[in-house]
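The values are calculated or read from the model by the stated rules, or taken from the named source; none is laboratory data. Here the structure is a predicted model, which is why all the values come from computation and not from measurement. Here the Cβ positions follow ideal geometry from the backbone for every residue, glycine too, while neighbour counts run over all protein chains shown.
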């Protein structure tokens, strides 16, 4: 009676990466409605026939995959689930206005636990002036699955897609990279210690910054506003959810271009460097920046003509430039060798 | 380290009904954006500052809770997940235009299984001229959780909220009630037999109608169109996902009114009656209609002045009228006794 398991010709899910799988599954869908401006393949869908576009995005966080209840306070989780969805709207150079939250939970959770979760949801909504306009709570057989839908808006001429990067554009990134993943490494280390000895009290005080980066990321709507104020429209944009390398490759693929970024230009916080040196002699901070995910910074390209307008924007770093497609996506080391970028994104 | 289990003052989730829980969790949220017309508490959120409103809704289906892989073909599941979300747009008297699908799956599922799921998603999108504009696939620890976000539109003056029913309005329902739940009863019966004897081949041919009602429900967008053509705007509207009683109570609560429906007016298909008589001597078809869910018909009220316009609409049944709040929600039996309606909705 079940169609679940195909005996013949079964292809395991991990035979594809997440993005290749989505490409394959959604390949045959053709838009039919005039109001569908952009469908699958960017940070948000873009909808609407007028100048003012509506942006819609959904983001799922699943227990045991995207978060571990051992070290994720529920209030932080609620905050993060909303923040991550808002970050997708920021990544289109848009402004979020509403969110809807679907929570599937097992009866392992209490009403008080859900209230903690919603306290975090509310905090993030208030912080970013976003309205909660829908929510449903469903049972699940095990664990918690949170899906947040965010709705935002942007004027058509200010929208930034992944596909707009052009030769010689400057590549910019906000904030710093690799710190969220460093926070995760610390939490995982303490979890192992705690499991070996439940009387152990983890001392996390000295890791405040990287822990907060992982547990409570912020959507960079301040950068969207700063760009508007500076009268700059990025030629392309994406948020850094899976690590810089993966996101650069998304832009290169969508824009049919190559890119060159400079290792010494990558913004890395000293605490990220400290965590790496504590963890292992072989752990390089630049690897966390390239492949550790969860920073939710904005990666974007701007035309050369906008150099003067972006070079002094607070929290914005120019890390490289767009090249022709044939040259691929590379990082130039301080020793002037080039390393080809590969997506090894760690998905939070 | 974990905040998961509160030892003191723990309130179990089932101490609240689903709707009371959502009310409690979302109680303190206050809309801040001018574009937020309607937030939590109806079938869709209503967004937008112009005359043309955007409708947004999310709907989650979780394995083991809303569907059982033993008897749910994946193609049907994909179709149903989209259909149920579109039904929420229909329930606002709106027209759906786009959907986004989030799938969380364990590696128990193959790529081919997801392709089946997406074949159903595509079929429903094509049937209702809706564009798939986003999708993500995530890992989950166990089972499948599907969340569909639907985006639609409606002119402000044609929107139907739950809250607009007024004294003496006529109560109408489309299609027939209780057949989806009857289909579920058959599938559950065959599952038990199959588990006892795996060589057993279920004979489901004679239950085509009720099985299709459960496995492949249709959003009643034809009714939305028929009402527009008849130039009728319902004063209130909701879709029948949890059974007629539960939905009537939602309208009564939101509209601060009572209602009276007539048992002999409830549309019940003969196959529903047949399944009930097969199952048990004590199973009444009217119970399936009132409390069995998953029909996804439209329940709506219209002003008395519109009687002539709705009385002959195909597939629309007038089953009662709106009363004052103090009289509560009741069903009148053929023997002229009244039964107070209680929500026992079975959630699909």
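Structure notes:
- Single residue of segment A:39-71 satisfying the filter (within 7 Å of chain B (Cβ to nearest Cβ) and more than 19 Å from the chain's Cα centre (by Cα)) that is surrounded by the most Cβ atoms within 10 Å (Cβ to Cβ): A:54
- Taking the listed residues A:299, A:290, A:327, A:248, the one that is touching a residue at least 40 places away in the same chain (Cβ under 8 Å) and either outside the structural domain of residue A:188 (by TED's automatic domain parsing) or within 24 Å of residue A:208 (Cα to Cα) (or both) is A:290, with no other qualifying.
- Residue match in segment A:76-89 (condition: within 10 Å of another protein chain (Cβ to nearest Cβ) and more than 17 Å from the chain's Cα centre (by Cα)): no
- Among the candidates B:146, B:123, residue that is modelled with pLDDT under 95, in contact with a helix residue (DSSP H, G or I) (Cβ under 7 Å, 6 or more places away or on another chain) and more than 7 Å from chain A (Cβ to nearest Cβ): B:146
- Residues (in contact with a helix residue (DSSP H, G or I) (Cβ under 6 Å, 6 or more places away or on another chain) and either modelled with pLDDT under 90 or at the interface with chain B (Cβ under 7 Å from one of its Cβ atoms) (or both)) located in segment A:99-110: A:107
- Residues that are assigned to a helix (DSSP H, G or I) and either crowded, with 24+ Cβ neighbours inside 10 Å or on the phi > 0 side of the Ramachandran plot (or both) within segment B:225-244 comprise B:227, B:244, listed in sequence order.
- Filter result for residue A:22 (part of a helix (DSSP H, G or I) and facing chain B (nearest Cβ under 8 Å)): yes
- Filtered by the rule that a residue be surrounded by 10 or more Cβ atoms within 10 Å (Cβ to Cβ) and modelled with pLDDT under 90, segment B:202-213 gives B:202, B:204, B:206.
- Residues (in a strand (DSSP E or B) and surrounded by fewer than 24 Cβ atoms within 10 Å (Cβ to Cβ)) located in segment A:138-152: A:138, A:139
- Where helices (runs of 4 or more DSSP H) fall entirely within segment A:251-348, those with at least 3 residues that are surrounded by 15 or more Cβ atoms within 10 Å (Cβ to Cβ) and within 17 Å of the chain's Cα centre (by Cα) are at A:285-291.
- Only listed residue being closer than 30 Å to residue A:54 by Cβ and either at the interface with chain A (Cβ under 7 Å from one of its Cβ atoms) or touching a helix residue (DSSP H, G or I) at 6+ places or on another chain (Cβ under 6 Å) (or both), chosen from B:11, B:36: B:36
- Segment B:106-132, residues that are over 26 Å from the mean Cα position of the chain (by Cα), surrounded by 19 or more Cβ atoms within 10 Å (Cβ to Cβ) and in a loop (DSSP other than H, G, I, E, B): B:109
- Criterion (in contact with a helix residue (DSSP H, G or I) (Cβ under 6 Å, 6 or more places away or on another chain), away from chain B (no Cβ under 14 Å) and either crowded, with 20+ Cβ neighbours inside 10 Å or within 27 Å of residue A:245 (Cβ to Cβ) (or both)) met by exactly one of A:175, A:135, A:183: A:183
- Verdict on residue A:309 being closer than 30 Å to residue A:62 by Cβ and either at pLDDT 95 or above or not assigned by TED's automatic domain parsing to the domain that holds residue A:174 (or both): no
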